[in-house]
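Below is one structure, written out as structure tokens; comments come after it.
The values are calculated or read from the model by the stated rules, or taken from the named source; none is laboratory data. The structure displayed is predicted, hence computed values, not measured ones. Note that we place each Cβ from the backbone using ideal geometry, even for glycine, and neighbour counts take in every protein chain shown. When the accessible area is computed, the model is the full protein with side chains, heavy atoms only, and any ligands, DNA or RNA have been set aside. Shrake-Rupley method; radii C 1.70, N 1.55, O 1.52, S 1.80 Å.
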Amino acid sequence: MKKNGNHEEYRKRLKDKKRIVVKIGSSSLQHPETGDLDYTKLDVLVRELCDMRNRGKDVVLVTSGAIAVGKKAVHLREFGQAGERAIAEKQACAAVGQARLMMTYQKIFAEYNQVAAQILMTKNTIVDNLNRYNAHNTFSELFKLGVIPIVNENDTVATYEIEFGDNDSLSAIVAALVEADLLILLSDIDGLYTDDPRKNKDARFIRIVEELSEELMEMGKPSTGSDVGTGGMNTKLIAAKIATSSHIDMVIANSKDIKVLHRILDGQDIGTLFVGSRDAYFDLPGFVEQMHS
Ligand code: GLU
């Protein structure tokens with residue numbers, strides 16, 4: 001399709017997507033008042049994903065929340081200041097929280113007669129050729145079996161050298177690894193704006209990005225204003241870079257109504273759509289290796 005092709009056409013193409021990765025962040029899964037899990041939202045999320053399966057799609061969920069859920073479970077108010085102890089605290093919380101999170105997901109997926117699996121990844125899963133090959137095969141097998149893989153970073157063992165650091169990038173990396181054709185980032189913001197809409201009332205909403213220019217990449221802001229999760233607009237633009245370079249369309253949409261998922265797949269104009277193109281020179285393991293270095 002030509003550049004500047006019409007937006008409606010691009011949106012309509014989303015109906016035919018076959019393999020879809022959905023990412024949800026910690027702040028979208030918790031009640032803001034208490035930090036406890038929002039079961040209503042989780043239920044809607046799982047129902048939407050199961051319904052995608054019922055439409056015959058392959059589905060992957062990339063979910064955050066391990067650290068936040070674990071922190072709640074062990075009644076930890078604050079993490080210590082930077083340093084080894086703070087890292088160990090977070091990793092301990094992730095160990096507790098990841099198991100709890102999966103238990104909750106398993107329970108709800110089972111209610112809809114779907115089987116879910118857990119895949120925890122570090123950078124090594126992508127950078128190391130054998131690990132990447134094995135991970136790819138595992139995903140393929142799970143799709144064949146009709147299972148929904150639930151992915152998170154392996155926060156319990158991932159320290160600086162081997163961590164992705166945020167699940168926006170991780171979800172795009174997973175999408176590229178499994179050769180998905182659509183990535184949907186559910187976030188606490190409607191999509192991409194020309195500036196931070198919380199600070200600048202003249203900020204304009206961007207409905208479609210056909211080409212990720214340097215200028216756009218610069219627009220990423222360090223934070224979305226939420227204090228949980230790590231994904232500001234910057235990480236979402238990095239995710240867009242990875243996804244679109246791998247020929248994967250990506251949509252950022254607001255998680256306040258998770259039912260947008262099936263509407264996006266119906267081709268409705270929701271959130272910001274980044275149109276995938278193919279960059280023959282894009283090297284996923286190379287890109288991942290230099291992240292954060
Ligand atoms: N992997 C982290 C967790 O599950 C969250 C990272 C992120 O929110 O981007 O707690």
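Compute the relative contact order of the chain as a whole-number percentage, counting only Cα pairs closer than 8 Å that sit 6 or more residues apart in sequence. Averaging sequence separation for qualifying contacts and normalising by length gives 23 percent for the chain.
Taking every protein chain into account, the accessible area of region 143-293 amounts to 44 square angstrom per residue (probe 1.4 Å).
Using a ≥ b ≥ c from the Cα gyration tensor of region 40-133 (square roots of the eigenvalues), is it rounded, prolate or oblate, where a/c under 1.5 gives rounded and otherwise the larger of a/b and b/c decides, a/b for prolate? Oblate, because a/c is 1.5 or more while a/b does not exceed b/c.
A simple rule links phi to the HN-Hα coupling: the Karplus curve 6.51 cos²θ - 1.76 cosθ + 1.60 with θ = phi - 60°, which for region 167-179 gives 7, 5, 4, 4, 5, 5, 5, 4, 4, 5, 4, 8, 6 Hz, with x for Gly and Pro.
Ligands, DNA and RNA aside, Thr194 has an accessible area near 50 Å² when probed at 1.4 Å. Based on Cα contacts under 8 Å between residues 6+ apart, region 34-122 shows a relative contact order of 32 percent.
For the chain, the longest piece that avoids every one of the GluC sites (Glu not before Pro) found in DSSP loops with at most 11 other C-beta atoms within 10 Å covers 79-210.
Placing unit charges on the Cβ atoms only, positive for Lys and Arg and negative for Asp and Glu, gives the chain a dipole magnitude near 760 debye about its Cα centre. Per-residue SASA remark: Arg55, around 100 Å² accessible (1.4 Å probe; ligands, DNA and RNA not included). Here's how it looks for Val59: its modeled amide H is under 5 Å from those of Ile20, which are all 5 or more places away or on a different chain.
Residues whose amide H comes within less than 5 Å of that of Ile119, counting only those at least five positions distant or on another chain, are Ile150, Val151, Asn152 (H built at 1.01 Å from N in the peptide plane). Backbone phi angles across region 23-33, fed through the Karplus curve with coefficients 6.51, -1.76 and 1.60 (θ = phi - 60°), yield HN-Hα couplings of 10, 10, x, 4, 5, 7, 9, 10, 6, x, 5 Hz in residue order; Gly and Pro are listed as x. Multiplying the residue separation of Asn113 and Leu76 by 0.36 nm and subtracting their alpha-carbon distance yields 9.8 nm. Name the residues whose placed amide hydrogens come within less than 5 Å of the amide hydrogen of Ser187, ignoring near sequence neighbours (fewer than 5 apart) on the same chain. Placed amide hydrogens put Ala253, Asn254, Ser255 under 5 Å from Ser187. Think of it as helices only: each DSSP H run of n ≥ 4 in the chain is worth -39500 (n - 2.57), and spread over all residues that comes to -13000 deg cm²/dmol at 222 nm.
Taking all C-alpha pairs of the chain, those more than 23 Å from each other amount to 52 percent. Converting phi to 3J(HN,Hα) with the Karplus coefficients 6.51, -1.76 and 1.60 and the offset θ = phi - 60°, region 132-146 yields 5, 4, 5, 4, 4, 5, 5, 4, 4, 5, 4, 4, 4, 7, x Hz in sequence order, with x at every glycine or proline. Look at the dipole of the chain built from charges on Cβ: of Ala116, Leu273, Leu182, the Cα furthest out on the positive end belongs to Ala116. Surface composition of the chain: carbon and sulfur make up 48 percent of the accessible area, probe 1.4 Å.
Lysine pairs in region 52-199 whose alpha-carbon atoms fall under 20 angstrom of each other, counting only those eight or more residues apart or on distinct chains, come to 5. Relative contact order of region 1-159, taken over Cα pairs closer than 8 Å and 6 or more residues apart, is 24 percent.
Each peptide in 238-244, 261-267 was scored by the mean count of other Cβ atoms within 10 Å over its residues; highest first, the order is 238-244, 261-267.
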